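Beneath this line is the structure, given in structure tokens, with notes to follow.
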């Protein structure tokens with residue numbers, strides 16, 4: 001299991017927003033994913049502007065990339 005945050009900043013999906021990006025983001029979301037792609041939790045908020053279904057899917061795809069990186073780091077750490 002891994003969790004990441006991502007958001008839409010200046011019309012661009014961004015993984016792991018820094019403070020400036022997060023405070024100015026149009027939307028941000030937190031995803032908790034189980035290895036293999038299952039979704040355990042999603043919390044998403046439109047802040048500066050609304051977004052459509054494709055925007056949410058873009059964030060989910062980005063979150064999966066981030067979680068895959070976390071899974072790889074976890075696997076490396078336990079070996």
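A few comments on the model shown:
- By the count of other C-beta atoms within 10 Å, a proxy for reagent exposure, 19, 71 are ordered fewest to most as 19, 71.
- Hull-based mean projected area of the chain, where the convex hull spans the alpha carbons, in square nanometres: 5.2 nm²
- Going from the residue with the fewest nearby Cβ atoms within 10 Å to the one with the most, 35, 54, 21 rank 54, 35, 21.
- A Förster radius of 22 Å combined with the Cβ-Cβ distance from residue 43 to residue 79 puts the calculated FRET efficiency at roughly 0.10.
- Helix axis angle, 53-78 relative to the chain longest principal axis, alpha carbon, degrees: 30 degrees
- Model label points for residue 22 and residue 10, set 7 angstrom from Cα along the Cα-to-Cβ axis, are 2.0 nm apart.
- Gain in span if fully extended, residue 35 to residue 64, counting 0.36 nm per residue against the direct Cα distance: 9.5 nm
Where a number appears in this text, it was derived from the coordinates with a stated rule and is not lab data. Since the structure is predicted, the reported quantities are computational estimates derived from the model, not experimental observations. Cβ coordinates were reconstructed from backbone atoms using ideal geometry, including for glycine residues, and neighbour counts include every protein chain displayed.
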